[in-house]
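Before any comments, here is the structure.
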Amino acid sequence: MSSSAARLAEVAERVARARASAGRPAEAVTLVAVGKFQDAAVIEPVLAAGHRVFGESRVREAEVKWPALRAHFEGTELHLIGSLQTNRAAAAVRAFDVIHSVDRVSLAARLAAAIAREGRRPRCLLQVNTGDEPRKGGCAVAAADGLIKVFRHDYGLPLVGVMCVPPAGADPAPHFRLARSVAEANGLPELSVGMSADFEIATALGATMVRIGSAVFGPRPAARPR
Ligand SMILES: *Cc1c(COP(=O)(O)O)cnc(C)c1O
C-alpha cells in the first residue's frame, strides 16, 4: 500500500472513532481527500485502494488532472472546495459533482444557467465566512439565510448544505457551530467543515463532509501560478 493510501486508512479510522463517540451513525461523514497541487501519480494509489471522493481547489487543475483518472476509476466523485470565479462557473459544472464554495448571487445565477445548459446538476453548498475575514471566500453570516432563499427560489440551485473555513489559528469549534446553525435553520442536511488539523472536532460537532489534504497526501507542493 502506498503511504498516502495507508494514511487515508488511518484518517478514515480516526473519523470513524470520532463519529462513533459522538453517537452518530455509520455513513454520516464523507471523507473528501483533497489532492490539490498533488500530481495524478500521487492520487492514483488512493483511488487504487478504493477511495472515490476527492477535492480540488481550482477548476483548471481539475480539468487537467481528472479526466484520465476518472476514465480509469469508475464512480469517482469530485468536489470543488476552492473559491470559484464567476466566469469559470460553467467549467465547474462540467468538471465537478459537488461545489462547496457558492457564496454570491452572481455566481449562483451563472451556475444555474450552466446547469440548465450542460445537463449536469452538481450539488451546491453555501460557503459562509464565519470569521468575517477580509479577502476570504464566503458570504457574511448575516447574509446567509437571505442568500439561501434566493439560491433556492430564484435560481432553483440544488443547494444541500453549508461550508466554512475557520480563520487560521482560531479555535474552530465556534465556527463549525455557526455553520451548523445556518444549515439547520434552513433545513440543509450537509455540513462541510473540518480539515487535517481539526476533522475530529468537526466530526464531533456534526460535519457530514470533512476535507482532508495534508493528513492524507503529506505536505503540499507549492501552488503553481494560475
Ligand atoms: C486545502 C484545503 C483543505 C485541506 O487542507 P488540509 O489542511 O491540508 O487538510 C480543505 N478545505 C479547503 C477549502 C482547502 O482549501
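The values are calculated or read from the model by the stated rules, or taken from the named source; none is laboratory data. In this text, all values refer to a predicted model and were calculated from it rather than measured experimentally. Positions of Cβ are generated from backbone atoms using ideal geometry, with glycine treated the same way; all protein chains shown enter the neighbour counts.
Restricting attention to region 106-123, the residues being over 13 Å from PRO158 (Cα atoms) and crowded, with 17+ Cβ neighbours inside 10 Å number 2.
Where helices (runs of 4 or more DSSP H) fall entirely within region 30-140, those with at least 1 residues that are among the hydroxyl-bearing types (Ser, Thr, Tyr) are at 105-118. Across region 15-29, the number of residues qualifying as in a loop (DSSP other than H, G, I, E, B) and in contact (Cβ under 8 Å) with a residue 60 or more places away in the chain comes to 4.
Out of LEU69, LEU8, I need the residue that is within 20 Å of THR203 (Cα to Cα) and in contact (Cβ under 8 Å) with a residue 24 or more places away in the chain. Which one? Criteria check complete, one pass: LEU8. Of everything in region 140-178, what is surrounded by fewer than 20 Cβ atoms within 10 Å (Cβ to Cβ), within 16 Å of the ligand (Cβ to nearest atom) and in contact (Cβ under 8 Å) with a residue 24 or more places away in the chain? Give them in sequence order. Residues satisfying the conditions are PRO167, ALA170. Hey, among the residues in region 188-221 that are within 13 Å of the ligand (Cβ to nearest atom), part of a loop (DSSP other than H, G, I, E, B) and surrounded by fewer than 17 Cβ atoms within 10 Å (Cβ to Cβ), which one's modelled with the lowest pLDDT? Taking the candidates together, the pick is PRO221. For region 48-62, the set of residues classified as over 13 Å from ARG88 (Cα atoms) and in contact with a Leu (Cβ under 9 Å, 6 or more places away or on another chain) consists of ALA49, HIS51, VAL53, PHE54, GLY55, GLU56, listed by residue number. Among residues that are out of contact with any helix residue (DSSP H, G or I) (no Cβ under 9 Å at 6 or more places or on another chain), of a type outside the set (S, T, N, Q) and modelled with pLDDT of 95 or more, ALA170 is included.
The requirement of being touching a Leu at 6+ places or on another chain (Cβ under 6 Å), of a type in the set (A, V, I, L, M, F, W, C) and crowded, with 16+ Cβ neighbours inside 10 Å is not satisfied by PHE37.
All conditions in (1) loosely packed, with under 15 Cβ neighbours inside 10 Å; (2) under 17 Å from the mean Cα position of the chain (by Cα); (3) away from the ligand (no atom under 16 Å from the Cβ) hold for ALA48, with the sole exception of (2). Are any residues in region 63-105 buried (at least 19 other Cβ atoms within 10 Å of the Cβ) and of a type in the set (Ser, Thr, Tyr), and if so, which ones? Matches in region 63-105: SER101 only.
The one condition from (1) away from the ligand (no atom under 13 Å from the Cβ); (2) touching a residue at least 12 places away in the same chain (Cβ under 8 Å); (3) part of a helix (DSSP H, G or I) that GLU184 does not meet is (2).
Scanning region 27-45 for residues that are more than 10 Å from the ligand (Cβ to nearest atom) and among the charged types (D, E, K, R) turns up GLU27, ASP39, GLU44.
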